[in-house]
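Working notes for the structure below.
Bear in mind that the values in this text are calculations on the coordinates, not laboratory data. Keep in mind it's a predicted model, so treat the numbers as computed, not measured. Cβ sites come from the backbone with ideal geometry, for glycine too, and all protein chains shown count toward neighbours.
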Amino acid sequence: MSALRILIVDDETIVRDSLGAWFRQDGHQAEVAENAKEALRLVAQSHYDIALLDIKMPGMDGLELQDRLAAADPDLTIILMTAYASVETAVKAMKAGAYDYIVKPFDPDDLSMLIRRAAEHRSLRAENLRLKKSLETVAAPPPLLGDSAVMKHVLELVGTVSASDATVLITGESGTGKEVVARAIHAASARRYNPMVVVNCGALPEGILESELFGHEAGSFTGARARHKGKFESAEGGTVFLDEIGEVTPKVQVELLRVIEEKLVTRLGGTAPIAVDFRTIAATNRDLQAAVRAGSFREDLFWRLNVVNIHIPPLRERPEDIPVLAEHFLARFAQAMNRRPMRFSPGTKDALAAYPWPGNVRELQNAIERAVVVGHGETVEPSALPLHVIQAPAGPGPGSLAEAERAHIQSVLDASGWNITRAARVLDVDRVTLYSKIRKYELKKPDDGNGS
Amino acid sequence: MGTGAEGAAEAETLELLPVGTLPGGALDELAARLSRHVELPVRALPPSPALGVVRLAGRDQLDANALLLALEARATTPRRLLVGVTADDIAIPIFTFVFGLARQGGRAAVVSLARTDPRFYGLPADADLQGGRVIAEVLHELGHLATLEHCANRACLMSFAGNVERVDVRGRRFCPDCSARLPSWLRGRRAPPEMV
């Protein structure tokens, strides 16, 4: 135990002197105050680790002094001393935040142990704070950036809903940053030191999704050799992020509704419901209300999820956000790749601003990552950007969404030399989806001779 | 008040003063055992009726603070250290008891035999066990007179002991760090086998 700074507050000289001498003999720095006023003056002037306060003192008593000292220095560990063993007083003191309570006269061993425990408690608390801070740094979500009025509104909403436990439905096109918003809400909420578990509902067949979400008991189906905890259980105390919620089958929709409402999960093959504590955030790029009207999405689940709706507009509707996002990604990737700080040339800025970014923020991020990889020097020239970005026609884009998508896929494919894997990565879709789009839009390689 | 580090460093005699009535021959025996641990002449003084003792109100204990003040008032002879020895239980008002008391760098200390006696805890008398405890307590208080504070090394004689079990399990020697700060008369001899 390292030396502590201890303040002893007691109106009896003998107590102050005896305790002061005892603590000093124990290697601590002890100072004394004979009343509350003197104690407050000392605490305002310097830092103490522990304060021992006599409860019964003329004028301001120890309990009131405790409140004032805690307000002046929340880090101070307070121990109350009294000549009268009273459970009522002890309860009152502890409720008011005292670390402990000791009855005069003390057994020397008890005081020694109490000080040792208080020191350990302080050290653990400091360690805990340090770890939380480093955790916040390490696990910090990507920042939500944007200069546009609409993004400022999104940021405000994130701040508001973080303080509550309300279910949130985040809507927006692919690549707009729905998961980033979900992570920002979780990181700013009281649940931030517990896990945020992400489930991509669109990527899994129904049976596997059920098992992933709710867990299963051993032997509940072929291949279920061991008991498996579901995502809701894994997120205990934290947040479950249900991405692509619009892709969930009607059967799973019913099960999800029950779990979200009752906070009880029954593993597949299990019988006993397990109480779970989690917050739900869901996201979709689909128009769920249209899906409700079409009968493919349960209305009750929709309203259960849509307690707070945060809509993230596509990047083309908020072009003023492009520079700030681009600068952010440039700084991040330059640092990650051990490059000197980089900047965009005016031509590059123009190209970034002119392109409609149908793949939204994710596409912008990929483009900047590529530019940092292929670019030389400290200035990013337009040539470092993907070809389809710098070749994008100025002015308004193609009319319909399908036309925009077709044109965009064509340009990405051309820029990647029809390397499907690379193009799929830029477009942030899987290869199967890309092949199906190629078929749908009857896209052809330029050297196929058939045109497109 | 003592003269600080020089008080213990320059000590030439260690005197033991009985406070109240001690069992017959107890002080001489303590002086003899103590001389095997310190390189100073150890002298048992006759009782001094003039030494004022104060009992703590409502407690069957002597006020160790008052006793120490009285001993310090008598310890005015240069190069002499004075240790008061009492059979009574002693305490300071804020604590339920103390084994002994000394001011760091002072010239006087007080040690109680009461809680070193196994009979205090309902156990059979054991002169050797009690003798070892008393020596350990006197050496601990002499360490304070030599300006040492409590040591974090729980195997060191200068570590804090808040109960008799800790006195027993605590080492009977000063750790190397504390030893290096002791005057030569206090670190000069090894503890005899019965102390280890």
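For this structure, a couple of remarks:
- Exposure proxy ranking for B:19, A:180, based on other Cβ atoms within 10 angstrom of each Cβ and starting from the fewest, stands as A:180, B:19.
- Angle of helix A:322-336 to the longest C-alpha principal axis of chain A, folded into 0 to 90 degrees and rounded to 10: 70°.
- Taking 0.36 nm per residue of sequence separation and removing the Cα-Cα distance, the residue A:67/residue A:88 pair yields an extension gain of 5.8 nm.
- Residues whose amide H lies under 5 Å from that of residue A:173, counting only those 5 or more places away or on a different chain, are absent; hydrogens are built 1.01 Å from N in the peptide plane.
- Long-range amide H partners of residue B:159 with built H, under 5 Å: B:151
- Here the spin labels are modelled as points 7 Å beyond Cα on the Cα-Cβ line, and at residue A:421 and residue A:174 they lie 1.9 nm apart.
- 23 Å Cα-Cα reach of residue A:104 towards lysines, excluding residues that sit fewer than 8 places from it in its own chain: A:37, A:56, A:92, A:95
- Hz values of 3J(HN,Hα) by residue in segment B:155-172 - Karplus curve (6.51, -1.76, 1.60), Gly and Pro given as x: 8, 8, 4, 8, 6, 6, 10, x, 8, 5, 4, 5, 4, 6, 7, 5, x, 9
- Estimated dipole of chain A in Debye, rounded to 20 [Cβ of Lys and Arg +1, of Asp and Glu -1, Cα centre]: 1340 debye
- Our compactness index for segment A:149-313, the C-alpha radius of gyration over the empirical 2.2 N^0.38 Å, is 1.02.
- Neighbour-count ranking [beta-carbon atoms within 10 angstrom, fewest first] of A:10, A:428: A:428, A:10
- Cβ-Cβ FRET estimate between residue A:436 and residue A:130, R0 fixed at 51 Å, reported to 0.05: 0.50
- Amide H contacts for residue B:44 (H built 1.01 Å from N in the peptide plane; partners 5 or more residues away or on another chain; cut-off under 5 Å): B:16.
- With an a/c value under 1.5 for the gyration tensor axes a ≥ b ≥ c computed over the alpha-carbon atoms, segment B:5-195 is described as rounded.
- Considering only B:146, B:47, B:97, and ranking their Cα positions along the charge dipole of chain B that arises from unit charges at the beta-carbon of Lys, Arg, Asp and Glu, the one farthest toward the positive end is B:146.
- What the phi angles of segment A:28-45 give under the Karplus curve with 6.51, -1.76 and 1.60, with θ = phi - 60°, is a coupling list of 8, 9, 10, 10, 10, 9, 8, 7, 5, 4, 5, 4, 5, 5, 5, 5, 5, 8 Hz, glycine and proline written as x.
- Each Lys and Arg Cβ is given +1 and each Asp and Glu Cβ -1; about its Cα centre, segment B:5-195 then shows a dipole of about 320 debye.
- In the protein assembly as shown, one over the average inverse separation of all distinct C-alpha pairs is 31.9 Å, which is the Kirkwood hydrodynamic radius.
- When each of B:97, A:23 is scored by the number of other beta-carbon atoms lying within 10 Å, the sequence from fewest to most is B:97, A:23.
- Ordering B:78, A:348, B:64 by the projection of their Cα atoms onto the charge dipole of the protein assembly as shown, which places +1 on the Cβ of Lys and Arg and -1 on the Cβ of Asp and Glu, puts A:348 at the extreme positive end.
- Inter-centroid distance (Cα atoms) of segment B:163-188 relative to segment A:400-427, Å: 81 Å
- Residues residue B:79 and residue B:153, FRET efficiency given R0 of 35 Å [Cβ-Cβ distance, rounded to 0.05]: 0.70
- Taken one residue at a time, the phi angles of segment B:62-67 give Karplus couplings (6.51, -1.76, 1.60, θ = phi - 60°) of 7, 7, 5, 5, 5, 5 Hz. Gly and Pro are set to x.
- Since only A:83, A:135, A:66 are under comparison, the one whose Cα sits farthest along the positive direction of the charge dipole of segment A:5-136, derived from C-beta charges on Lys, Arg, Asp and Glu, is A:135.
- Between segment B:5-68 and segment B:84-106, the Cα center-to-center distance that results, in Å: 12 Å
- What separates the Cα centres of segment A:249-263 and segment A:284-341 is a distance of 24 Å.
- Helix A:431-440 axis, angle to chain A major axis (alpha carbon atoms, nearest 10°): 40 degrees
- Peptide A:20-29, shielding by other chains (average Cβ, 10 Å cutoff): 4
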